[in-house]
Structure formats: structure tokens, C-alpha cells
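What follows is a set of notes on a single structure, which appears directly below.
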Amino acid sequence: MQEEMLEIDQLSATGPTGQARALALEAFDPPPEPMEWVEYHSEGRLLIIGPADEAWGIAEQLKDDLKITMLATSPPSEPPDRAPPGRYLDGRPRELSGYLGAFTLKVEVDRGRVLEAGAAFGIDPGTFDLVLDLDGSADSGVDEPPVGYYRVRSEADRERALAELPDMQGDFQKPRFFAYDPDICAHGSRGLDGCRKCVDACATGAAYSIGEKIEIDPYLCQGCGSCVTVCPSGAMRYAAPPSEDLLDSVRRLLAEFRDEAGGQAQTPDVLLYSAESALSTLTALASELPEHVLPVAVEDVGSVGADTWLSLLAYGAGRVVLLTGPAPAPTLLDATRRQINIYRVILEGLDDQHAAQRLVLQPGELDLAVLAEPLPAVVDRPATHAAIGTKREILRQALAHLHDHGVGQGSETIALPAGAPFGEIRVDGDACTLCMACVSVCPVSAIQGGGDLPQLHFREEQCVQCGMCESACPEDAISLQARLHLPAHMAPGPRLLNEEQMHHCDGCGKPFATRKMMESMTRRLQDHWMFQGDEALARIRLCEDCRIQRLYEDEGGVVAHPPGKGV
């Protein structure tokens, strides 16, 4: 990525701010390159899908460089006077899937009959390295199609495909963009559905559910990073580079800028731009870029989330600007905008008078007017701490500094919109029986039992508002409230939600359930055929050992059976 960074000499450096910027960028040490890679292999087997007249002409142009197979979605307008420039079949594509070097396809042939591509075309293997889709009939509908798939919507798309396809042979690699920790994933637990934000935000269809956890196909993933930005727990993390490495580099860049300026420079903005897609846009405007703006290349700005945004503000940046480059994926924009809206509310709650301007998403072109005037920093003293730990821990460090050194007093509790990754749970003490169902499903241990005591504790700094505790509660005693309660995050610790007195076995005196749970069980079972009569109901109040003993004493050693179902 380093070769895809803006050249320093393209930027103006007429005043103290611009000179400080030039010196700071010259000393800037970018984050290290990714350590893990995904490998592709292509032998140039190209499948062209579309009307025969158009597909035939393109096949003629590419036949000397690639191994051509054509699936004609409509027949030739006139009978051809020569053999096709590759294998040819009339039909419709069904279920195209895969990626560069490994596309699979089913083909609908005559009268709705569907065959695997190998059988339909008479080829082995029945896979393709590349796909050129001329009419969209094989389009899966994802925002970012897989590597090796070319969808022609315009003449520019057609020209790009014809230029690139001949070179799409050999071995290729890309970073393995993500890291996933299933132990703190809030997607599901014990058959209950929880968070699915990463699945909904994925622009490529690489993220999908496998029950209670998530799977990411590294061959489909193209590093847009939306899954990381929306993940509330930090289970999904970016690895190209990790946010800790990016923040370490930019923290040092900001410190170098301040040192070089010697107090004369304006408050800097940090402009994060997608290295590949936004570089040309930024280069065209480089000479006009205000001198207080520090451009920093990242793999994709969609991967840069709130832990980075707030940390950069804590490090002394006036704004954080995200430049996507042309035609960003709609899912990426939606995911980033939703997160920006949440954290603007938090900044407003911290009494930041410029909260609405701190986080700026620039899709497509760069609007220089937005950056023309620098903003005062949020903090009176830039943070110097290294960003270490999980996403939640990095956020907590940034929030603590913004709260302690912010320009305003702020509020201890900030109401947040639904879907925010912070909040509390409220428990109806009259309904809760301390059955601990909520404890058993919480993926981040935000809800905890009291050990040997009949208590329910809550750690608000760990809660991601996934809602599984609410779904699991058999008494409908739990509700969620999105908020940021700063004391809970600044001084983490458990808070007592509910406690009950214990019920002791009527036989041996051993405690084994809460009184409320015993009342609930008695109420629910009193109409069951096995618990008719005072003696049968009394057995409910016994521990397991005493219950078995009493059952055999009352029934003469014979276990009762449902009416009409005796031994």
C-alpha cells in the first residue's frame, strides 16, 4: 500500500502549518504490511455470459489469450457462417458462485432442465477462472462482486474488462483482511438469534451465519471493512492493518506535526483515504488541500471505525475525514453513516460544540469546502496513550480522555439511538425469578450470577445490546436501554440488578432454588396430572434427593405414569 500514498511534494507548504505537515509526513512511518495472504490461481478459463451476437464478438477478441466458453442467453440474430471461437451453449445461468480461479455454475438448458456446467458444456473440470457477464443474468446482487467477475453495465465497463482479462492468468494474492474471535461474537447463543450487523453490512456476501457464529469466506472478502466498523463486541477485527497499528502510526504523526509547528500551526485534521480507489481523486486536488489536513492512506476507509475516530480526536485531531473514492458500496456507506450518527450523539453529550463536524464521510469526490476552516481540538491536552487491547478497551481509553480533557463538562449519561453498541438492561424485580437464563446466553459476560448467592449482576461496560438476554428470559422481565453511562465505562465493575431469598428444602433444609422460582414452579405445575393433591405439590418444594425419596415412599416404590399409560 505504501506505493499508493500521496506524494508529499504535491502538497503546498507555504505557511508554518504546511511546513510542519511536510516535515511530519516525511517522518511518517506507515503501519506494517499484512502478515497473512489469500492465494488465487487462474489458468485463463473465461466464461462469457450474454446475448450471442455480443458474446461472439468479444470471444473473437479474447480467444488468443484466454480459453473461451460462451453461454448465450439469446441466440444469434442470424445463422453464423463460422465455428464459434470457443465452446458454445444456449441457456440461462443459474447459481453462479465462487471467485477468481474457482467459479461454479448451473445452467438451465431446454425446457427448464438444469445441469451442472461440466455436464452442460461437456467439459472437465466444470469450473471457470473468470466470468464476463454482459447482461447481468448471473449477477448475485451483492454490492462488490467477487474477484474475477466482470459485470458490463457501460462502455467503460466493457473497455476495462477487455483490457484486464488477458492479464488475469497466473497466481495472485491479497491480504487476509479480517480476524475473527468467535468467543466474544454476539451472533447467537443456545439457539437464540442475536447480533447480525456484520452479515447485513457485508458488501460481498463473504459474511454468513453458521448457527451461533459467523463464517467469513476470505476469497470473497475484499477488505471493505464494514463488518469491523459495525461489530459491537470487537469479535470482527481488521488485520490490514489492525487498528492498534494504524493508531500508533497516526498518533506519532500528530505528535510530530505539533513538534515541528512549535505552537504556530493550526489544529490538524486527519484525512483517511482508501489507498487504491481514492488516490487519484486526492492527487487531483493535492495542491489545493488545506495545509492543516494530514492525508493518511488506509486499505479501505470502511474498515476504520469508532475506536479509531475517537482515538484520533483524543490525540488532538480537529476532524476525522473519510474519503472513499468513486462508487463506494452502498452497504459500506450505510454502515459508516449509522456509526457516525451514534458517535456524533456521544460527542454532543460531551458538550462538544462542533460535534456535527468532527466526523466527516466523503463518498466519491472530496469537498474541499468542508475542510477549509480548521476546528479547535476537542481536548485541551492531546492524549499520549498507546491504543492497546480490544475494540471496546480502545474506545474506553479514548472516551476517558475525551471526558477528562474535553472542552465541555458533558453529561454522565448520554441517551443513544436504538442499535447503539452501549447500554443497560433493566430487570423487573417482581417478575424475575433468578433462573439465570440470561446469564447462560450472554456472549460477553455482561450479565453474571452471584456465585453461591441468589443474585444477578450487570457489567454495563461489556454490554453490546445484542438482546439475547431479553429473548431468553421466560418471565419477560428484561428490557434494553441504549445509552452511554460514562461512570460504568470509566470505572468498570459489576452492579447488582436483582437478588432473592433462597428456598430451603422442606426435607433436609438444603438451599437449592429462590423462593420466587419455587412459587413460579408451583403455580405452573399445579394443574399437571402428576401434581394433583397436596402431597404431590409438596414434593416440588423438596431438593432432588428428598424428592426421589418421598416419591418412593408415597407411591410404594412404583413411579406414577400418565392416566391410561400404565406399565
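The values are calculated or read from the model by the stated rules, or taken from the named source; none is laboratory data. Just so it is clear, the structure is predicted and the values come from calculations on it, not from any experiment. In this analysis, Cβ positions are derived from the backbone assuming ideal geometry, glycine residues included, and neighbour counts consider all displayed protein chains.
Worth a mention:
- When Asp124 is tested against (1) more than 26 Å from Ala206 (Cα to Cα); (2) surrounded by fewer than 17 Cβ atoms within 10 Å (Cβ to Cβ); (3) in contact (Cβ under 8 Å) with a residue 12 or more places away in the chain, exactly one condition is not met: (3).
- Test for Gly302: is it at pLDDT below 95 and in contact with a Cys (Cβ under 7 Å, 6 or more places away or on another chain): yes
Residue-wise test of (1) basic (Lys, Arg); (2) exposed (fewer than 13 other Cβ atoms within 10 Å of the Cβ); (3) outside the structural domain of Gln455 (by TED's automatic domain parsing).
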| residue | (1), (2), (3) |
| --- | --- |
| Ser471 | no, no, no |
| Arg483 | yes, no, no |
| Leu486 | no, no, no |
| Arg495 | yes, yes, no |
| Met518 | no, no, yes |
| Gln526 | no, yes, yes |
| Phe531 | no, no, yes |
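- Of residues in segment 15-35 being surrounded by fewer than 14 Cβ atoms within 10 Å (Cβ to Cβ) and modelled with pLDDT of 90 or more, the one nearest to Ala297 (Cα to Cα): Asp29
- Of the criteria (1) among the hydrophobic types (A, V, I, L, M, F, W, C); (2) in contact (Cβ under 8 Å) with a residue 12 or more places away in the chain; (3) within 30 Å of Ser311 (Cα to Cα), which one Ala491 fails: (2)
- Candidates Ile214, Ile210 - the one that is free of Cβ contacts under 8 Å to residues at least 40 places away in the same chain and either under 19 Å from Ala239 (Cα atoms) or touching a Cys at 6+ places or on another chain (Cβ under 9 Å) (or both): Ile214
- Restricting attention to segment 16-64, the residues that are among the aliphatic types (A, V, I, L, M) and assigned to a strand (DSSP E or B) add up to 5.
- Residue match in segment 189-197 (condition: under 24 Å from Val147 (Cβ atoms), touching a strand residue (DSSP E or B) at 6+ places or on another chain (Cβ under 6 Å) and in a loop (DSSP other than H, G, I, E, B)): no
- Residues being in contact (Cβ under 8 Å) with a residue 12 or more places away in the chain and over 19 Å from Gly122 (Cβ atoms) - total across segment 56-65: 6
- Leu285 buried (at least 18 other Cβ atoms within 10 Å of the Cβ), closer than 30 Å to Pro382 by Cβ and of a type in the set (A, V, I, L, M, F, W, C): no
- So Ser226, is it surrounded by 19 or more Cβ atoms within 10 Å (Cβ to Cβ) and small (Gly, Ala, Ser): yes
- Entry remark, segment 133-145: residues being part of a loop (DSSP other than H, G, I, E, B) and touching a strand residue (DSSP E or B) at 6+ places or on another chain (Cβ under 8 Å) number 8 in total.
- Test: residue in segment 68-78 that is among the polar types (S, T, N, Q), without any contact (Cβ under 8 Å) to a residue 40 or more places away in the chain and in a loop (DSSP other than H, G, I, E, B): yes
- Taken over segment 433-482, the residue count meeting the criterion of being among the charged types (D, E, K, R) and touching a Leu at 6+ places or on another chain (Cβ under 7 Å) is 1.
- Answer residue from segment 241-283, given it is more than 26 Å from Gly325 (Cα to Cα) and among the polar types (S, T, N, Q) and is nearest to the chain's Cα centre (by Cα) among those: Gln266
- Consider segment 344-367 and keep the residues that are at pLDDT 95 or above and hydrophobic (A, V, I, L, M, F, W, C). The one that is farthest from Ala400 (Cα to Cα) is Leu361.
- Candidate set from segment 161-188 (those that are touching a helix residue (DSSP H, G or I) at 6+ places or on another chain (Cβ under 8 Å) and part of a strand (DSSP E or B)); member that is surrounded by the fewest Cβ atoms within 10 Å (Cβ to Cβ): Gly188
- Complete set of residues in segment 409-452 that are free of Cβ contacts under 8 Å to residues at least 60 places away in the same chain, surrounded by 14 or more Cβ atoms within 10 Å (Cβ to Cβ) and at positive phi: Met436
- Near pairs, Cβ below 6 angstrom, 6+ apart or cross-chain, from segment 89-108 (over 27 Å from Asp53 (Cβ atoms)) to any residue that is charged (D, E, K, R): Gly101/Asp129
- Of the residues contained in segment 362-373, one or more are found to be in a loop (DSSP other than H, G, I, E, B) and either crowded, with 20+ Cβ neighbours inside 10 Å or in contact with an Asp or Glu (Cβ under 9 Å, 6 or more places away or on another chain) (or both).
- Any hit, segment 320-336, residues being surrounded by fewer than 22 Cβ atoms within 10 Å (Cβ to Cβ), under 22 Å from Arg237 (Cβ atoms) and either acidic (Asp, Glu) or modelled with pLDDT of 95 or more (or both): yes
- Filter result for Gln397 (of a type outside the set (Lys, Arg), part of a helix (DSSP H, G or I) and either surrounded by fewer than 16 Cβ atoms within 10 Å (Cβ to Cβ) or touching a residue at least 24 places away in the same chain (Cβ under 8 Å) (or both)): yes
- In segment 468-535, counting only strands (runs of 3 or more DSSP E) that sit wholly within it, the ones holding 3 or more residues that are of a type outside the set (A, V, I, L, M) and either modelled with pLDDT of 80 or more or closer than 24 Å to Ile346 by Cβ (or both) span 478-485, 495-499.
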